[in-house]
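See below for the structure under consideration.
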Amino acid sequence: MVDVTEQRQAREKLEQTVSLLRATFDSITDGVLVVSKEQRLTAYNKRFQQLWEFPDDALQGAPDTQKSLEIALAQVKDPERFSARIREMYSDPDMEGVDIVELRNGRVFERTSMPQRLGSTIIGRIWSYRDITEERRAREKLERAASVLRATFDSIGDGVIVVDTNQRLTAYNKRFQQLWGLPDDVLLVNMDVTKAVTAAAPLVKDPERFITRLHEMFVVSDQVYVDTVEFLDGRILERTSLPQRLGSTIIGRVWSYRDVTEERHAKAEQERLFAAEQNAREQMEESFALLDTFLNNAPIGLGFLGRDLRFIRTNDALAALHGKTREEEVGRELREMTPYAASTIEPLMRRVMETGEPVIGLDMALEVPATPGQLRYWRVSYYPVRMKSGKVVGVGAVVVELTQERLAQVERERLLREAHEAIRIRDDFLSIASHELKTPLTPIKLHLQRLEQRCAAGQPVPPQLAQKALTQVERLTGVISDMLDSSQIEAGLLELERERLSLQELIREVLADFRPRSLHHPLEYEEYGEELVVQGDRGRLQQVLTNLLENARKYSPQKGPIRVALTGKGAEAIVSVADSGIGIPADQQAHLFERFFRARNAPVSGFGGLGLGLYISRHLVERHGGRIWVESETGQGATFRFTLPVED
């Protein structure tokens, strides 16, 4: 009997090893195919079958190599190249190679081929296939991104250079080379940047400072630097240096150079212009301050308007006319500030700007917001505002108020008229007074002469002669009394003696005294039913009513009735005296109660009187707290009414 224990143990160990190799063979990510020296399939793993999508029957038993090749050729993009590569590998048993296989469905395999050896003997060939589709796509995407970045890097306006921590050049763009004008041989990647610095230093104004500054920046740090580099040719570059990072690690430094020559020149020019503008503005403000001082202290209205007729400058005097302040007017349109006069003023101003000819001394009269309801007078002038070139850029307005002068002129004219009227009234008064005084004196003298003759002859004296003389004396006394009353009224010396009076009794007393003097004019009296009591001066109220009755008798035709009426209305008593005489023209009724006034249709020759009766009556009625007026039409008679306050 043979002991096979060791043999069996060796076989089991071999099987374990084969099992382990098989498991490893099937678990790798590459698809592996083993072909014998006779080009027959000897082994493959599951990944190979998955990658090439071979059916199970194509690889079972003794698989047909030609059939498997046909399945593979049907999937690749370039079957001829695929086959040629296989033939090339088999032509040299020792050859090893790696190539790319592209499939029709878009997948890409990396194929590796090497000889299979048993000891030193080649017994076949091993083919491995790795799916690099995603890897290739990622690499292509990365290459496209890198291409875009490179194009962007080369197209930006700044010149950029990148140096690693060992001060070796890692990248630069075309703009950097253009700005510095450096040759290609000093800008080689991985070259020590010192050569580039040495070539650049002679181009700048201060080479020593330039080199020192670069060495300071080469120190690895988080510091960001910004400064400028000035070239001998006048150019100025703004330099920015910042660390280059890979994650959180600093791996180098990036310099960017921007040509700011035009920008700096423009900035310098801008600063120069700004300074000039500031100087011009200060001069303009000084000029405006002087102008404003002149404008605001001028006693007349002054203003300047642009071609659009907006106020550019104005003074308080002109703004006040529009009811505004200077600040409110500046920038506002003329039509907005003077809507009441714009239709007149605007055409004049536009004509001045169009023709260049001023309008001087135009007189105007209008109301302004500052004094509504009051007509004011102005003399205005408009002048073209010109630049040194002669171009008209606006219009200046000069407004001089003539209201006080005009009012003074009107007042002078009024006073002159009143003086003339006073002279006329004086002359009329002297004429009337002479007539009124002389009229009763003549019959008095005649009656006295007749009395003297009779007394001398021893004849009896008829009573009527003395009565007639006394009547003329009373008339003369009345004229003198009116003159005295008028003087006392003007001097404020007329006094009243007030008492409780019954108006009915007072009117009846006056009518009883007046009837003998009014034989040719029937008197009609309409009395109020209720007693009306007033607080007044009996004699003065009798004087008022007597004056009205005398006027009615004087201006009424023969047998024309005189109507007297007493009525009550609220807290007032109303007394009226109406006649059917010549009436009073409407334009003269307002003056009827003035001193010495006589209606033009009542000449002295036809109607006596000094023109004081109604004047005295008005004063007496008003002193009693009443009022007096007339209602009349020419030829239709007149009705005089006056009121008195009654007591409860």
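The values are calculated or read from the model by the stated rules, or taken from the named source; none is laboratory data. The shown structure was predicted, so the numbers you read here are calculated from the model rather than taken from an experiment. Reconstructed Cβ throughout: ideal geometry from the backbone, glycine too, with neighbour counts over all protein chains shown. Side chains included, ligands, DNA and RNA excluded: accessible areas come from the protein's heavy atoms. Shrake-Rupley method; radii C 1.70, N 1.55, O 1.52, S 1.80 Å.
At a glance:
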| read-out | value |
| --- | --- |
| Packing-based order for 575-581, 302-308, 538-544, 227-233, using average beta carbon neighbours within 10 Å, highest first | 575-581, 538-544, 302-308, 227-233 |
| Probe 1.4 Å - accessible area at MET114, Å² to nearest ten | 80 |
| In degrees, nearest ten, helix 503-514 long axis to first principal axis of the chain (Cα) | 40 |
| Accessible surface of the chain, 1.4 Å probe, proportion on carbon and sulfur as whole % | 53 |
| Cβ-derived FRET efficiency at R0 41 Å, GLN409 paired with GLU497, nearest 0.05 | 0.30 |
| Whole-Hz couplings from phi, Karplus 6.51/-1.76/1.60, listed for region 251-261; x for Gly and Pro | 10, x, 9, 10, 10, 10, 10, 10, 6, 10, 4 |
| ARG332-ARG85 pseudo-label distance in nm [points 7 Å out on the Cα-to-Cβ vector] | 9.2 |
| Region 285-368, dipole about Cα centre (Lys/Arg Cβ +1, Asp/Glu Cβ -1), debye to the nearest 20 | 180 |
| Inter-label distance, nm, simple model (7 Å from Cα along the C-beta direction), ASN190/LEU73 | 4.5 |
| Surface accessible to a 1.4 Å probe, per residue, for the residues of region 135-180, Å² | 63 |
| Cα-centre dipole for region 170-228 with unit charges at Cβ (Lys and Arg positive, Asp and Glu negative), debye to 20 | 200 |
| Pairwise FRET efficiency - ALA512 versus MET364, Cβ, R0 = 56 Å, nearest 0.05 | 0.30 |
| Average Cα contact separation per residue, the chain, under 8 Å, 6 or more apart, as relative contact order % | 5 |
| Exposure of ARG498 as accessible area (Å², to 10), given a probe of 1.4 Å and all protein chains | 110 |
| Selection from MET387, PRO463, GLY637, by position along the positive dipole direction of the chain (Cβ) | PRO463 |
| Taking region 142-212 and dividing mean pair separation by its residue count, relative contact order in percent (alpha carbons under 8 Å, at least six apart) | 22 |
| Order by protection proxy (mean Cβ within 10 Å, highest first), peptides 393-401, 504-512 | 393-401, 504-512 |
| In Å², nearest 10: area of GLU285 left accessible to a 1.4 Å probe | 100 |
| Helix 5-27 axis, angle to the chain major axis (alpha carbon atoms, nearest 10°) | 30 |
| Accessible-area order (highest first, 1.4 angstrom probe) of the listed residues LEU484, LEU494, LEU242 | LEU484, LEU242, LEU494 |
| Debye, to nearest 20: dipole size of the chain, +1 on Lys, Arg Cβ, -1 on Asp, Glu Cβ | 1320 |
| Tilt relative to the chain, helix 463-491 - C-alpha long axis, 0 to 90 degrees, to 10 | 20 |
| Label assignment, Cα extents along the principal axes in Å derived from the structure, set (i) 229, 72, 45; (ii) 87, 70, 47; (iii) 177, 72, 54 | (i) |
| By average C-beta atoms within 10 angstrom, highest first, the peptides 626-635, 520-529 | 626-635, 520-529 |
